[in-house]
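Everything below concerns the one structure shown next.
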Amino acid sequence: MGSDNRQRATARILAALACVGAMVGCAAVEGAPPRGSEPTTLVAAAPSPPAALFAAEPQQGDPDRYYPESRRSESETPFGLDHVRLDAFFIPAFWITADEKVDTSFGSDRADLDTGTGFGLRAGVGSEHQSIGLMYVASFHEEETSDSDASTQALYLDFAYHNDVGGVRGATFEVGAGLGVAHLEFDREFDTETEGAFNLHGMLKFAVTDNFSVDAGLGGFVFGHFGDTVAYGTWLMVGASLAF
């Protein structure tokens, strides 16, 4: 009788242990990841850098390299032909020395031209800072030795550079040079000459409106050819300009 009780108690303990083992196995199967899958790993993404740090460097030949958008003309080129410049000026003083002589019974007399007056015109096309055009300059004098009249006329292919005067609002400067032909004429005694010509000139311009300015400047010239100077001198000028 006592052995039967002990057998029944042992069987109950074994059955309880089997149930506990089955429950633990089911829980392990449910918590395990699917076969063949890898555990998920979370990676923090670094913020992308600002696009400005990787802006393209201006390449050689790109107008933006030297001419920012705010300073370029509508032509998008630094050496365009989209600007027209017209200049007219009065010459209150034109100084000239002429290398002209005339033979007389007492030897030879050298031409002596007084300080004359004159005028000039220039028309050119170009960009905001450069222009190329034609410049005409004329002057009128009296010749003291023979009491005669004299005049000069010159036509130049002229190159000019324009830019702002730093620190002076509305003021610009212009420097230029030209090559051409000149005509020096006397009404008697001395020979009339037609020769090559070269000039340098500079002006200060003060804007009255966006397109109109008043000017003042000076110039210098040489008439002749290599080895023979016919005349040389300087002039003072005041004028006005249109730019559009």
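What follows draws every value from the coordinates through simple rules; no lab data is involved. Keep in mind that what you see is a predicted model, and the values were worked out from it rather than measured. Counting neighbours? That spans all protein chains shown, and the Cβs are built from the backbone with ideal geometry, glycine included.
Using only alpha-carbon positions, what ratio does the radius of gyration of the range 80-243 give when scaled by 2.2 N^0.38 Å?
1.16
Just how large is the dipole of the range 80-243 about the Cα centre, in debye to the nearest 20, putting +1 at every Lys and Arg Cβ and -1 at every Asp and Glu Cβ?
Result for the range 80-243 is approximately 920 debye, rounded to the nearest 20.
Can you give the FRET efficiency to the nearest 0.05 for residue 99 and residue 169, using r as the Cβ-Cβ distance and R₀ = 41 Å?
Plugging the Cβ-Cβ distance into 1/(1 + (r/R0)^6) gives 0.35.
Residues in the range 216-240 near a label at residue 142, defined as backbone nitrogen under 14 Å from the 7 Å Cα→Cβ point?
none
Taking 0.36 nm per residue of sequence separation and subtracting the Cα-Cα distance, how much length would be gained by fully extending the chain between residue 211 and residue 117, in nm to one decimal?
31.1 nm
Can you put 212, 244, 221 in order of Cβ neighbours within 10 angstrom, beginning with the fewest?
So the residues, fewest neighbours to most, are 244, 212, 221.
Check residue 165: other-chain or 5+ apart residues with amide H under 5 Å from its amide H, H built from backbone geometry?
Under 5 Å from the amide H of residue 165 lie the amide H atoms of 171, 172, 173, each far enough along the sequence or on another chain.
Can you tell me the length gained on complete extension of the stretch residue 90 to residue 244, counting 0.36 nm per residue apart and subtracting the Cα distance?
53.3 nm
May I ask you to compute the full-extension gain from residue 161 to residue 191, defined as 0.36 nm times their residue separation minus their alpha-carbon distance, rounded to one decimal in nm?
Gain in length upon complete extension: 7.1 nm.
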